[in-house]
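Participant: One structure is given below, represented as structure tokens, and several questions about it will come after.
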Amino acid sequence: MATAEGPGRASIAARVDAQLPQTQCTRCGFDGCRPYAEAVARGEASINRCPPGGRPVIEALSRLLGVRAVALDPDCGEETPPRVAMIDEAECIGCAKCIDACPTDAIVGARKWMHTVIAADCSGCELCLPPCPVDCISLLPHPALPDELPDAAAIARRASRFRALYEARTARLERDRQRRRAALAARLDEAGVRTQAP
Ligand code: SF4
Ligand code: SF4
Ligand code: SF4
């Protein structure tokens, strides 16, 4: 197990992260792919906790880290062929809770309007299912991909798209947060309330 210190550990974490499917599904028990990669690099998590990566990712991490490849930990879930979320638009009440949960911005819609999923941007992570108050989201076989477990090349192809979408979303959320903070500071300023720099 990798237990390098400092920059060495950061570089191992980056290389582990580069092997992961980037669905951000949290099934590994961590808050996304990068936190899992960091835990693996610290020697605090085993390499067999990523169901979307399955056997191909376990083997890649085994080669990268020089540790034995072991079976996927069943406590994390099981490998599945690619799946995609589908919203029953007749049932959708337009609450937008699914949009807030989706790490790849694969759901489009506006409050009080029906929502729909962009299949190419959906990783099948399932994170939109629990927040839906009317239970109108299902997971179906992916319409454009083979109904079989993906190999390493297929995982890597999709990972690069999911990474780009996730990074774009993270940047957008940060911009929104900064805008809200600036607007709040301006309102407090107008009201004559002294604010402290962060
Ligand atoms: S894709 Fe794998 S590493 Fe990334 S969050 Fe899901 S289980 Fe964890
Ligand atoms: S639509 Fe749902 S299943 Fe698809 S990526 Fe977004 S949160 Fe995950
Ligand atoms: S969480 Fe469910 S009801 Fe709300 S917008 Fe999404 S699909 Fe529609």
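Participant: If I107 passes every condition in (1) farther than 20 Å from F30 by Cα; (2) away from ligand 2 (no atom under 11 Å from the Cβ); (3) out of contact with any Phe, Trp or Tyr (no Cβ under 6 Å at 6 or more places or on another chain) but one, which one does it miss?
Facilitator: The failed condition is (2).
Participant: Keeping to the range 155-186, report how many residues are surrounded by 12 or more Cβ atoms within 10 Å (Cβ to Cβ) and more than 17 Å from the chain's Cα centre (by Cα).
Facilitator: 2
Participant: Okay, moving on. For R68, are the conditions met, namely being away from ligand 1 (no atom under 13 Å from the Cβ), in a loop (DSSP other than H, G, I, E, B) and under 22 Å from R172 (Cβ atoms)?
Facilitator: Details: away from ligand 1 (no atom under 13 Å from the Cβ): yes; in a loop (DSSP other than H, G, I, E, B): yes; under 22 Å from R172 (Cβ atoms): no.
Against the criterion (away from ligand 1 (no atom under 13 Å from the Cβ), in a loop (DSSP other than H, G, I, E, B) and under 22 Å from R172 (Cβ atoms)), R68 does not qualify.
Participant: Also, quick follow-up: Among (1) without any contact (Cβ under 8 Å) to a residue 60 or more places away in the chain; (2) surrounded by fewer than 19 Cβ atoms within 10 Å (Cβ to Cβ); (3) over 16 Å from the mean Cα position of the chain (by Cα), where does P141 come up short?
Facilitator: Going through (1) without any contact (Cβ under 8 Å) to a residue 60 or more places away in the chain; (2) surrounded by fewer than 19 Cβ atoms within 10 Å (Cβ to Cβ); (3) over 16 Å from the mean Cα position of the chain (by Cα) one by one, P141 breaks only (1).
Participant: When you check V117 against the structure, is it surrounded by 15 or more Cβ atoms within 10 Å (Cβ to Cβ), without any contact (Cβ under 8 Å) to a residue 40 or more places away in the chain, closer than 19 Å to C25 by Cα and β-branched (V, I, T), yes or no? Let's see the steps before the verdict.
Facilitator: Values: surrounded by 15 or more Cβ atoms within 10 Å (Cβ to Cβ): yes; without any contact (Cβ under 8 Å) to a residue 40 or more places away in the chain: yes; closer than 19 Å to C25 by Cα: yes; β-branched (V, I, T): yes.
In short, yes.
Participant: Here is a follow-up. Give just the number: which of (1) in the same structural domain as E89 (by TED's automatic domain parsing); (2) assigned to a helix (DSSP H, G or I); (3) of a type in the set (A, V, I, L, M) does I155 not satisfy?
Facilitator: (1)
Participant: Do you know which residues across the range 122-135 are crowded, with 18+ Cβ neighbours inside 10 Å and farther than 12 Å from P52 by Cα?
Facilitator: Of everything in the range 122-135, those that are crowded, with 18+ Cβ neighbours inside 10 Å and farther than 12 Å from P52 by Cα turn out to be C122, L127, C128, C132.
Participant: Going by what's in this entry, would C28 be described as at pLDDT 95 or above, under 26 Å from L173 (Cβ atoms) and assigned to a loop (DSSP other than H, G, I, E, B)? Even if it seems obvious, please write down each step before you answer.
Facilitator: Working: at pLDDT 95 or above: yes; under 26 Å from L173 (Cβ atoms): yes; assigned to a loop (DSSP other than H, G, I, E, B): yes.
Yes; evaluated as a whole, the condition is true for this residue.
Participant: Right, here's the next one. Name every residue in the range 133-145 that is of a type outside the set (V, I, T) and either assigned to a strand (DSSP E or B) or under 22 Å from A60 (Cα atoms) (or both), in order of residue number. Steps first, please.
Facilitator: Step one: filter the range 133-145 for residues of a type outside the set (V, I, T), giving 133, 135-136, 138-145.
Of everything in the range 133-145, those that are of a type outside the set (V, I, T) and either assigned to a strand (DSSP E or B) or under 22 Å from A60 (Cα atoms) (or both) turn out to be S138, L139, L140, P141.
Participant: Given the conditions (1) within 23 Å of C102 (Cα to Cα); (2) in a loop (DSSP other than H, G, I, E, B), which single one is not true for R34?
Facilitator: The failed condition is (2).
Participant: Can you tell me which residue is modelled with the lowest pLDDT among those in the range 93-126 that are touching a helix residue (DSSP H, G or I) at 6+ places or on another chain (Cβ under 7 Å) and on the phi < 0 side of the Ramachandran plot?
Facilitator: Here is the first cut: in the range 93-126, the ones touching a helix residue (DSSP H, G or I) at 6+ places or on another chain (Cβ under 7 Å) are 103-107, 109, 115, 121, 123.
Then keep just the ones that are on the phi < 0 side of the Ramachandran plot; that gives 103-104, 106-107, 115, 121, 123.
Numbers: P103: 98, T104: 97, A106: 97, I107: 96, H115: 81, D121: 97, S123: 98.
This residue is H115.
Participant: Going by the conditions given, is C98 in contact with a His (Cβ under 7 Å, 6 or more places away or on another chain) and not polar (S, T, N, Q)?
Facilitator: On the way: in contact with a His (Cβ under 7 Å, 6 or more places away or on another chain): yes; not polar (S, T, N, Q): yes.
Spelling it out, C98 is indeed in contact with a His (Cβ under 7 Å, 6 or more places away or on another chain) and not polar (S, T, N, Q).
The values are calculated or read from the model by the stated rules, or taken from the named source; none is laboratory data. If you're wondering where the values come from, they're calculated on a predicted model, not measured in any experiment. Cβ atoms come from the backbone with ideal geometry, glycine included; neighbour counts cover every protein chain shown.
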